[in-house]
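One structure is given below, encoded as structure tokens.
Read the figures in this text as sums done on the coordinates, not as results from a lab. Quick caveat: nothing in here was measured; it's all calculated off a predicted structure. For neighbour counting, all protein chains shown are included, and Cβ atoms are generated from backbone atoms with ideal geometry for every residue, glycine included.
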Amino acid sequence: MSKGKIIKPRNPSLPDNPLERNVYNIIQEVVPTFEIDVENEEWEKADEDIKEELKAIEEKVLSIASRLGSNEGNLTDELKKIKEDIESLKSRRPVDVIVKVDNKKPNDLGKQHKQFENLLQILSTKLNVYLVGPAGSGKTTAAFNCAKALDIPFHFTGAIASEFKLTGFKSASGEYISTEFREAFEKGGLFLFDEIDASYPQAVLAFNAALANDYMDFPDKRILRHKDFYCIAAANTFGQGADRQYIGRNQLDAASLDRFVFLDWKFDENLERELAGNDEWVDFVQEVRKAIAELKIRHVVSPRASIFGSKLLAKGIERKAVEKSVIWKGLDISTISTILENLENYEYNPDEDEDDN
């Protein structure tokens, strides 16, 4: 990942002239600290181009600062253009990820999450990954695409209440009943233990033993860990128990958590925009998400709201009905009103809510 910054002074020395001071305040308001992240293979190749663009923006800012108090051009328009340039850099569209394993044909995975490359790099070390992120952030999709990138089978298990969901069991006739975990552990593949923090903690201990010892005693025999066994555990929490958003999550044993490398998986709002294909709707969804976070309301508005909502709108379903179905999901009118009142780019009309009731 590459980063470029334009940083305003923490304690600027303001000019005495009132006019110059006002213009300087505009600069401080419009050009705050900006940071542009480069998070995928194509952008890394374009590092030098981005550095040049950042350098050009910095030179424009310095030029404006040197002209404070003069009558040389409209500084406000120039500042607006600088802000647009920076926003353009920040919102670069996702690109296709192409992975080549050994001497095999390159595998085009299509557009991926901004942290996908980091996940794949960690996984390639054969370390176990604990992928923690909000609902709808694309954890399962990322795990499936990692298996595709590594050209290995993908195996999946959701939250479990019994260790036999992992270890398997013998039937009344003595036949061993296998599991997705056993298949991956014995024959190789990527195993995704989804919603591990919603699983019964005692059941997870069996999983812990397999990861710690590179072998496991199954009901029929002891199995050594396959050389091509990869493991991802996905969760909404860090395994410390329920939080404000995810109240049904369990606290996991410290020894279990110690077997993993943790990766904090964020929403990729650029990928969300790309997948949804409706910028106006996505703008609204992301503004709502931001307001909910600032107001500390216990409600999840994931990228699924953008993707599902775009599909419904494309079919001609009325906007208010779509909002209720994929964003509000049962929130009371008072809470919805509070959220809408706090949106930056939305003119809220409370009469519309009254008409809906």
Per-residue Cβ neighbour rank within 10 angstrom, fewest leading, Ile82, Ile122: Ile122, Ile82
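Averaging over every viewing direction, what projected area does the convex hull of the Cα atoms of segment 142-279 cover, in nm²?
Result: a mean projected hull area of 10.3 nm².
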Segment 96-264: antiparallel DSSP beta bridges as a percent of all, rounded to 5: 35
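Fewest first, what order do Phe262, Phe267 take by the number of other Cβ atoms within 10 Å?
Fewest-to-most ranking of Phe262, Phe267: Phe262, Phe267.
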Relative packing of peptides 227-237, 328-338 - highest average C-beta neighbours within 10 Å first: 227-237, 328-338
Rough spin-label spacing in nm, given labels placed 7 Å along Cα→Cβ, for Phe169 and Asn118: 4.0
Gyration tensor verdict on segment 261-310 (Cα atoms; rounded if a/c is under 1.5, prolate if a/b is larger than b/c, oblate otherwise): oblate
Cα gyration tensor, segment 269-355 - rounded (a/c under 1.5), prolate or oblate: oblate
Order of Ile339, Ile317 under a 10 Å beta carbon neighbour criterion, fewest first: Ile317, Ile339
Cα centroid separation - segment 135-149 against segment 183-206, whole Å: 16
